[in-house]
Amino acid sequence: MPGFAKIAHRQLLLPSLATLVGFSLLLTGCAMGVGDNPFVAGGNTDRFILRAESRNYLDVSLYINTAGKRELLGTVSARGLEFFEFEYPAGRPLNVELETRMGDRYRVPPPALAGSGRLNLYITSTLRNSRFQR
């Protein structure tokens, strides 16, 4: 009889364990949210190619502000040229901020644009004079 009790206990334990693992996977999937689903987010963004040309004597980091969080897009070396490809929420003004290692910051006025496409950003020796050009 003791062997039968062990077999019956295992038969009850295995389905319970499988249910627990499945439930934890379900909760993990729900915790990821809609923002991680590429099929949902794909229709609400515009794709940009940014050509950034720097005339500054320092390396300049480019940040974009999407959904209230500041994200590093990349760095343009001193007197360098870089290309960046990124997606940005559709219908919002493009919010780009420049920053040097010395701590200088400047938010470039958003370009007049309609939808996705290619943008040119000219970073001047004085960050305040930097501008977009279509």
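The values are calculated or read from the model by the stated rules, or taken from the named source; none is laboratory data. Computed from a predicted model, the values in this text were never measured in an experiment. Glycine gets a Cβ as well: all are built from the backbone with ideal geometry, and neighbour counts include every protein chain shown.
Remarks
- Any chance residue 134 is basic (Lys, Arg), closer than 15 Å to residue 50 by Cβ and either surrounded by 14 or more Cβ atoms within 10 Å (Cβ to Cβ) or touching a residue at least 60 places away in the same chain (Cβ under 8 Å) (or both): no
- Selection within the stretch 56-71 - over 19 Å from residue 88 (Cβ atoms) and loosely packed, with under 11 Cβ neighbours inside 10 Å: 57
- Within the stretch 85-97, the only residue that satisfies the criterion of being touching an Asp or Glu at 6+ places or on another chain (Cβ under 8 Å) and either surrounded by 17 or more Cβ atoms within 10 Å (Cβ to Cβ) or not assigned by TED's automatic domain parsing to the domain that holds residue 129 (or both) is 88.
- Residue ranges of strands (runs of 3 or more DSSP E) in the stretch 17-102 with at least 1 members more than 30 Å from residue 126 (Cα to Cα) and at pLDDT 65 or above: 45-54
- Taken across the stretch 106-128, residues that are buried (at least 16 other Cβ atoms within 10 Å of the Cβ), among the hydrophobic types (A, V, I, L, M, F, W, C) and in a helix (DSSP H, G or I) do occur, with at least one present.
- Selected residue (criterion: nearest to residue 58 (Cα to Cα)) from residues of the stretch 101-134 that are hydroxyl-bearing (Ser, Thr, Tyr) and within 21 Å of the chain's Cα centre (by Cα): 106
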